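Below is one structure, written out as structure tokens, with a few remarks after it.
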Protein chains: 2
Amino acid sequence: MNNSPIGVFDSGLGGLTCVKQLLQLAPQEDIVYLGDTGRVPYGTRSTDTIIKYAMQDIEFLLSRGVKILIAACGTVSSTLPHSISDALPVPYLGVVESTAAAAVKATKTGRIGVIGTPATIKSGSYLRAIDILLPSAVLVKNPCPLFVPLVESGYVQRDNPVTRMVAEEYLAPIKAAGVDTLIMGCTHYPIIKDIISDVMGPEVTLIDPGKEAAAAGMALLKKLDMEALRDCSGARNYFVSDGIENFHQNAELFLGSLAGGSVDQIAID
Amino acid sequence: MNNSPIGVFDSGLGGLTCVKQLLQLAPQEDIVYLGDTGRVPYGTRSTDTIIKYAMQDIEFLLSRGVKILIAACGTVSSTLPHSISDALPVPYLGVVESTAAAAVKATKTGRIGVIGTPATIKSGSYLRAIDILLPSAVLVKNPCPLFVPLVESGYVQRDNPVTRMVAEEYLAPIKAAGVDTLIMGCTHYPIIKDIISDVMGPEVTLIDPGKEAAAAGMALLKKLDMEALRDCSGARNYFVSDGIENFHQNAELFLGSLAGGSVDQIAID
């Protein structure tokens, strides 16, 4: 038993999709979330910059006494080397490994598609993570740089013609390759999963990284006997590195009816 | 006569549209450009953050001995207060004032449209700048948050259906208001000026802020007798706060055949 909070971080607010899953899976847990909104997006930064930013995020969460670190940001998860994450004082979990495991479990044909930010796709991290688990897998990937700005601009309705047109362009090579499983390798993408599903067809299983990271995080806490024990809902403390106005505008998009808790701005650099 | 360099800065690489105009207008001038690509975009940041970043950019350019500062970033130009810019040790010029002056000169009906990033539009700076020059002007404005990611994703061809659809949506209220002049209040927008012009119609004059800032900068240097005097082309030194790879990918988009010069990465924070 351990009543310390779960720490979740992301370059922006997309990681709230992971928090939403945690709130559903384990409402008794305290959660500390850090969204580095002052420096979002990480996806277009260099490797050195991404690692520097990730370490500053992690140091902040450690200063809040978290018992586990969940990197809900695909870019960080793809970029932070094991030599760093293995040396952290609490268990660390990136979305990439847990998502890769879920995809391997879901596929029947071994043909798996991956979409994500340019940095996530360029890093090849899903390829490596899946290759360890299923060496025979055939992987098809494509970066989707416009999906995050489209979601953040609210172009998320199932019949939005702009997002649909961009999705058809981005997904065409994935679809042509005949995959049966598609990893939505960025926390923003599940918000437009209806559009992605319409383009890909109902026979393709979509894997939601936020959901998988939350499930893997709770499974790890259970294994280590570190789950919280309390009779009421846990506390939710959200931190951002830019103005909190933007958080409030997006909280409903990502958290829906589960929004609530304190929101504070911090200086991350 | 003053052979020190002209300093131009922007949150990212869009300010290169201003540099391109300077290279055409005054090839004998040395230019130092800073693109804060490690923290782009500024448009969605809070006022305090924008001012902090702008001052760090300015301090860097001053350390390079510039004789004039041109804020090619609409967000900075809209946000940095005169109390700060008036106290700088060299002349400072933001794109907003010079662009407003050009729009007032161009309009016949006094009905002027303004598009820009959410922060630029929210600041109301063009409204104030135009109101001083032409109190009877009717201003119609609309933020266009997707234009920058669309341009940076290369969706810039005149017949691109996605950018055209987004442009039609963003420009509809401006068009309905019957403006005869439209300020493209962000350095990225002139790259899709064909699309904007197709949507607005040939009778609407488009104002390009990078062009106006470059012209105003050279006019100011002439007035102060601070133009460079040399027989050959000046030196071009470009600095970015993230990897230089991204600069090279975008240099052609913004500078075209005028690309060339040194490119270095610096730590801005």
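Overview of values
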read-out: Flag if A:G124 is surrounded by fewer than 16 Cβ atoms within 10 Å (Cβ to Cβ), within 26 Å of A:T47 (Cα to Cα) and assigned by TED's automatic domain parsing to the domain that holds A:Y189; value: yes
read-out: Residues located in the range B:33-65, provided they are touching a residue at least 60 places away in the same chain (Cβ under 8 Å), more than 14 Å from chain A (Cβ to nearest Cβ) and open to solvent by less than 10 Å² (accessible area, probe 1.4 Å); value: B:Y33, B:L34, B:D57
read-out: Any hit, the range A:83-97, residues being at pLDDT below 90, surrounded by fewer than 23 Cβ atoms within 10 Å (Cβ to Cβ) and more than 14 Å from chain B (Cβ to nearest Cβ); value: yes
read-out: Members of the range B:1-11 found to be touching a Lys or Arg at 6+ places or on another chain (Cβ under 9 Å) and crowded, with 24+ Cβ neighbours inside 10 Å, listed by number; value: B:I6, B:G7, B:S11
read-out: Failed item in (1) more than 13 Å from every other protein chain (Cβ to nearest Cβ); (2) closer than 22 Å to B:S77 by Cα, with B:D269 passing the rest; value: (1)
read-out: Residue check, B:G185 on the phi > 0 side of the Ramachandran plot, modelled with pLDDT under 95 and open to solvent by less than 30 Å² (accessible area, probe 1.4 Å); value: no
read-out: Test set (1) surrounded by 15 or more Cβ atoms within 10 Å (Cβ to Cβ); (2) at pLDDT below 95 - B:V140 fails condition number; value: (2)
read-out: Residue in the range B:158-171 that is nearest to B:G201 (Cα to Cα), counting only those that are surrounded by 16 or more Cβ atoms within 10 Å (Cβ to Cβ) and more than 9 Å from chain A (Cβ to nearest Cβ); value: B:L171
read-out: Subset of the range A:205-220 that is aliphatic (A, V, I, L, M) and closer than 17 Å to A:T107 by Cα - its residue that is surrounded by the fewest Cβ atoms within 10 Å (Cβ to Cβ); value: A:L206
read-out: Segments classed as helices (runs of 4 or more DSSP H), wholly inside the range B:102-219, with at least 1 members that are more than 23 Å from A:Y155 (Cβ to Cβ); value: B:118-123, B:125-133, B:193-200
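Each row is one residue, and each column tells you yes or no for (1) touching a Phe, Trp or Tyr at 6+ places or on another chain (Cβ under 6 Å); (2) in the same structural domain as B:T75 (by TED's automatic domain parsing); (3) within 23 Å of B:V8 (Cα to Cα); (4) buried (at least 19 other Cβ atoms within 10 Å of the Cβ).
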residue	(1), (2), (3), (4)
B:L133	no, no, no, no
B:C144	yes, no, no, yes
B:V156	no, no, no, no
B:P173	no, no, no, no
B:I195	no, no, no, yes
B:E203	no, no, no, no
B:R230	no, yes, yes, no
B:R236	no, yes, yes, yes
B:D242	no, yes, yes, yes
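The values are calculated or read from the model by the stated rules, or taken from the named source; none is laboratory data. Worth saying up front: this structure is predicted, and the values here are computed from it rather than measured. All Cβ positions, glycine included, derive from the backbone under ideal geometry; neighbour counts span all protein chains shown. With ligands, DNA and RNA removed, areas are computed over all heavy atoms of the protein, side chains included. Shrake-Rupley method; radii C 1.70, N 1.55, O 1.52, S 1.80 Å.
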